[in-house]
Amino acid sequence: MSPNITLSWVLALAPEIGLLVVLFMVLVFDKLFKPADRRQVGLFTAWGALAVLVMTVALYWVLDQPSAGWGVEDSLFWGGMMRNDLVTFVFRLMFLSALFLTSLLSMDVPRLQKVEYFALLITATIGFSLMAASTDLIMVYMALETASISSYLLAGFYSGQTRSSEAGMKYFIYGAFTTAVMVYGMSLLYGVTGQTSLYFIGDLFSGPEIAAVQPLVLLAAVLITVGFAFKTSLVPYHFWTPDVYEGAPTPFVGMLSTASKAAGFAVLLRVFLSGTLGPANTGSEWWAMLVAMCIITMTLGNLVAIFQTNIKRLLAYSSIAQAGYTLIGLVTLTQDGSGASMFYLLMYVFTNIAAFGVIVIISNVTQSDELKDLSGLNRRSPFLALVMLVAVLSLSGIPPTAGFFGKFFLFKAAIDAGLWWLALIAIVNAFIALYYYLGIIKYMYLYRSEEDDVSIPVSRAAQVGLVVSTVFIIYLGVIAGPAFELTRQAAASFFPG
Amino acid sequence: MEFPFLSIIALSPIFFAIVILMLPKDRGENARMLGLAAMVLGLILSIYVYVATYQSLPPAGTPWSETLRFVEEHPWVPSIGLNYIVGVDGLSATLVLLTAIVGLGGVLISWSIDDRPREFYAFFMLLVAGVHGVFVAVDGFLLFFFYELAVLPMYVMIAVWGWKERREYASMKLTLYLLIGSFISFISFLVLYFTPVEGGEALQTFDLRIWSQATFPFDIQRIWFMPLFLGFGVLAGLWPFHNWSPDGHVAAPTAVSMIHAGVLMKLGAYASMRVGIQLLPEGGVYWLPFILLLTLINVVYGALIAMRQKDLKYMIGYSSVSHMGLVSMGFAAMVLVGFTGAGIQMVSHGVMTALFFAVVGMIYDRTHTRNMDDLSGMRKALPWTVVAFIIAGLVGMGMPGLSGFLAEFPIFLGVWEGRGLDLTAVFGLNPSNYYGIVAIIAILGIVITAAYILRAIHSVFFGEYEGEKWHDMRPLLAIDKFTLVMFSVILVVIGLFPMVIAPIVESGMAPVADRLHVAQQAAQFHGGTITGAAQQMIQIVAANVMAWLGGA
């Protein structure tokens, strides 16, 4: 245990507490500052997110909280409800960056310049952050609901617009149902073991006694996977994805497709690798299930994406496929693999938010999200075209972008674990994906639109957001070393002992 | 620390690309000046590297890892053995210089481009950076990284600035062909990364210096040589994977065609030699006699198809396929003289094709047709182009006194020498039976080359000049003339003074040839047939799948 228990307990929750402070200030923002400009609230949220981000990094660097040297016991806080380890740290970085970038990109969308929108973004982030930290079934559920309920509201935020309301409703019904199924699975686990802590349950199941309750545990694994797979949009729980992405406010979709997905993967990694649903080895039933889901998710996502004409739907299917790739890291069951998954999610945050950011700005002008709206983008705004080009290259995994290293680490981990056939399937998929990603480039650079000479204005805030994302995409694509070392080191805490 | 020459050569174009993109919209003028500055800087440094390498050639018999000059080494992702290592041997120093020259020519030739010049030059810089990077990379991963970096700008440049009728089709085809090829090679990389070498552990590194000293088990070499070699061979235009290349050449804008045929295809040949043959020499001894037959088809079939073309650019595109076949043929000869010939052919063909495409580009810019039937008497209108075209044509035919002879003669000599090989390799082909015949047929292929080139010269440059049809033709710019003269002079100088290039290329090829020679001596074709090895692999797969199904 670390010397000053009380303090480090608080420090373990410091980023969430920081976000809560920002949240309250945003809620009373109008009364507090009486802003003349509606954009102020978004700007304030962005600064708040940045401050919390800096604080989180400072805690790690200066105070060594969380420390890389902590064992499982040292990093459990609040009665074993949460763990403040490097995994939590890395995921917090993703969520806070996502919040920062999303607020910057939402700022100039007139219909989103409301206190409620930004407040909900922050509560969702708190939920994501707690999801990544939680090590107890109850905590997992609470955090997941915090994140989900905010997300439902955000998806339907354009009230009065059918598409958006439909998105919110669909997301809610689907989410409520899958969460209920998941809770049922959790109750089975509790019934079998009388415990809710992931690590206690993992310990109980590591012995031969598990044989007696094998069928029940398998059922629990299947049911719990439903909830997590919904969050991460893995096939066959992906049906909501295209509709919600299409209808929901675009800046929020950037967040939904990255932070929400990352949070889902955080619990997925924690729960499965801790052995809560049966020991983490290739003999487990859930392993075979996840491998099958991984293959189907990649393939289906990519094949369907080819036929999309709406850019948001295209990116929705692409994000389904990307979830499939990310799952490869989990099913390798190795430290390298989980580290690679986390690196992939990290780079995906910047990549996808950049892509959606460009779409936000374009659809602000064109009022639609069709792929053909990208025609002549290079002439209308070379800056946006370049950002989109970098994002698309990163999604398709071509150097010198982060996606290249993301895929490389994943495939390498898979081959290292003897799953070379899985890597092969993933590589074939990467080629299928190349077809439609290059298609986007073709629209931007090759085709012309009737409004070629009407340039698209990009606000300062959006410029900052897009430049930051692009710089990170290139940085992670050229100097991948430090980030990968960090995620790899973090992944060690999935494998205690 | 030494001055990082190679890093600056490879990475400075990227820096210039960023600067060019940051220029304001109406400053296209400055974009090309910056592009020119980048290329001149690269050229000066490349010349220095070339001369310095030439002055300290290693003695024969030095292993490859010790022939490298200007080595820079930095950790990249240390935990999985990725390092940033660059260095040059004789061959890569030559190819770096070639890239710099052709890159400079490319910038000059596209001087008058007016459609989005900033983007054009930025992508062009990226392309050059990627090509330079492959030639200087000493780490397998870095090589792959730059290889991919080179392919992507090709896509954008062909798709955006290319020939309107075919560009979408050609650019997509080219990109998919090249990326799939490179990924197949990359899978082989990963296999080598994880495979235990003979008498040791898995290497777990991408450092080519370490790989080039290791011996992989014979079965691994035999199975993975072909994916590795062919994966890169796609870019070298090896039959039957050459299909993307003529389409790509034709659809690309002139500067890109020049880089593409002039340098990019060498990338494939270079990588398949440096990585394929050097790392897996026993696999090479096993498969190269078979690959020789493929290259023969390349040479003869490419020439025959070129003869059928009416479009001048398609003709040159197919002639590239045919000439690149000669490069791979030099490798397949498996003797040093063949390798040296192949190396010189890379340079000679690089300059020659760049010159061809420059001439065709100049004619097309002015006449808006490339159909040989529509063109005639160009010697009147554009007298400089006819001299340049004839010089390039003579190089293609292998005329003594020009660089082509110096390249093609050793290749044929090497193949002819191969008659002495007594190996029973793949499919029971014994090379000693047919190397002589292949050499003879390939030489006859040159006759076909002569036929189509002379025909083109006759119909395009000579014949009646239709003054009325072309009355508004612009004369050549001084820059155009400079480019033509620069390339022609290089071809002539190499032909007259082989000493400027032959020893340095040979020093780069010698370690590879040595390794092949050792493997030939060992010639250990025990351990069953290739079908047996493949069967075994399939059995392993099946067992894995069964185990997995059983687990489920």
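So here's what we get for this one:
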{"item": "Some residue of region A:255-278 being within 13 Å of chain B (Cβ to nearest Cβ) and touching a helix residue (DSSP H, G or I) at 6+ places or on another chain (Cβ under 8 Å)", "result": "yes"}
{"item": "Residue among A:V458, A:V454, A:V428 that is closer than 23 Å to A:V253 by Cα and either more than 11 Å from chain B (Cβ to nearest Cβ) or in a helix (DSSP H, G or I) (or both)", "result": "A:V458"}
{"item": "Top-ranked residue in region B:144-160 [being touching a residue at least 40 places away in the same chain (Cβ under 8 Å) and out of contact with any Lys or Arg (no Cβ under 8 Å at 6 or more places or on another chain); ranked as farthest from B:L208 (Cα to Cα)]", "result": "B:M157"}
{"item": "Test result for B:K266, among the basic types (K, R) and out of contact with any helix residue (DSSP H, G or I) (no Cβ under 9 Å at 6 or more places or on another chain)", "result": "no"}
{"item": "Yes/no for B:R209 being in a helix (DSSP H, G or I), farther than 20 Å from B:K266 by Cβ, touching a Ser or Thr at 6+ places or on another chain (Cβ under 8 Å) and touching a residue at least 40 places away in the same chain (Cβ under 8 Å)", "result": "yes"}
{"item": "Criterion (under 14 Å from the mean Cα position of the chain (by Cα), modelled with pLDDT of 85 or more and within 14 Å of chain A (Cβ to nearest Cβ)) met by exactly one of B:A129, B:A122, B:A150", "result": "B:A150"}
{"item": "Of all residues making up region B:17-37, the number that are farther than 12 Å from B:P117 by Cβ and within 12 Å of chain A (Cβ to nearest Cβ)", "result": "4"}
{"item": "Count of region A:142-157 residues which are surrounded by fewer than 19 Cβ atoms within 10 Å (Cβ to Cβ) and of a type outside the set (A, V, I, L, M, F, W, C)", "result": "1"}
{"item": "Of all residues making up region A:68-105, the number that are under 18 Å from A:F343 (Cα atoms) and of a type outside the set (A, V, I, L, M)", "result": "7"}
{"item": "Residues of region A:369-400 satisfying the condition of being in a loop (DSSP other than H, G, I, E, B) and closer than 25 Å to B:L179 by Cβ", "result": "A:S375, A:G397, A:I398, A:P399, A:P400"}
{"item": "Out of B:F409, B:F389, sole residue that is at pLDDT 85 or above and surrounded by fewer than 24 Cβ atoms within 10 Å (Cβ to Cβ)", "result": "B:F409"}
{"item": "Among (1) of a type in the set (A, V, I, L, M, F, W, C); (2) away from chain B (no Cβ under 14 Å); (3) surrounded by fewer than 24 Cβ atoms within 10 Å (Cβ to Cβ); (4) under 23 Å from A:T401 (Cα atoms) - the single one A:V304 does not satisfy", "result": "(4)"}
{"item": "Test: B:G42 is within 25 Å of A:I479 (Cβ to Cβ) and in contact with a strand residue (DSSP E or B) (Cβ under 9 Å, 6 or more places away or on another chain)", "result": "no"}
{"item": "Candidate set: region A:431-451, residues that are assigned to a loop (DSSP other than H, G, I, E, B) and of a type in the set (D, E, K, R); chosen: the one nearest to the other protein chains (Cβ to nearest Cβ)", "result": "A:R448"}
{"item": "Residues (more than 10 Å from chain B (Cβ to nearest Cβ), touching a helix residue (DSSP H, G or I) at 6+ places or on another chain (Cβ under 6 Å) and not hydrophobic (A, V, I, L, M, F, W, C)) located in region A:461-497", "result": "A:G465, A:S469, A:T470, A:T487, A:S493, A:P496"}
{"item": "Test: residue in region A:379-388 that is within 21 Å of the chain's Cα centre (by Cα) and in contact (Cβ under 8 Å) with a residue 40 or more places away in the chain", "result": "yes"}
{"item": "Hits in region A:195-242 (condition: touching a Lys or Arg at 6+ places or on another chain (Cβ under 8 Å), over 17 Å from A:M293 (Cβ atoms) and of a type in the set (V, I, T))", "result": "none"}
{"item": "Residues of region B:91-118 satisfying the condition of being modelled with pLDDT of 85 or more and over 16 Å from the mean Cα position of the chain (by Cα)", "result": "B:L104, B:G105, B:G106, B:V107, B:L108"}
{"item": "Residues (farther than 16 Å from A:A483 by Cβ, more than 7 Å from chain B (Cβ to nearest Cβ) and assigned to a helix (DSSP H, G or I)) located in region A:401-419", "result": "A:F411, A:A414"}
{"item": "Selection status of B:V96, more than 14 Å from every other protein chain (Cβ to nearest Cβ), touching a His at 6+ places or on another chain (Cβ under 7 Å), in a helix (DSSP H, G or I) and surrounded by 20 or more Cβ atoms within 10 Å (Cβ to Cβ)", "result": "yes"}
{"item": "Out of A:V235, A:V222, A:V291, A:V244, sole residue that is surrounded by 24 or more Cβ atoms within 10 Å (Cβ to Cβ), touching a helix residue (DSSP H, G or I) at 6+ places or on another chain (Cβ under 9 Å) and either in contact (Cβ under 8 Å) with a residue 60 or more places away in the chain or at positive phi (or both)", "result": "A:V244"}
{"item": "Yes/no for B:L476 being closer than 22 Å to B:M352 by Cβ, assigned to a loop (DSSP other than H, G, I, E, B) and in contact with a helix residue (DSSP H, G or I) (Cβ under 8 Å, 6 or more places away or on another chain)", "result": "yes"}
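Yes/no matrix, rows are residues, columns are (1) more than 25 Å from B:Y364 (Cα to Cα); (2) touching a Gly at 6+ places or on another chain (Cβ under 9 Å); (3) away from chain A (no Cβ under 11 Å):
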{"site": "B:V160", "(1), (2), (3)": "no, no, no"}
{"site": "B:A170", "(1), (2), (3)": "no, yes, yes"}
{"site": "B:L179", "(1), (2), (3)": "yes, no, no"}
{"site": "B:F189", "(1), (2), (3)": "yes, yes, no"}
{"site": "B:E198", "(1), (2), (3)": "yes, no, yes"}
{"site": "B:E201", "(1), (2), (3)": "yes, no, yes"}
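The values are calculated or read from the model by the stated rules, or taken from the named source; none is laboratory data. Just so we're clear, the structure is a prediction, and the values are computed from it rather than from any experiment. All Cβ positions, even for glycine, are placed from backbone atoms using ideal geometry, and neighbour counts span all protein chains on display.
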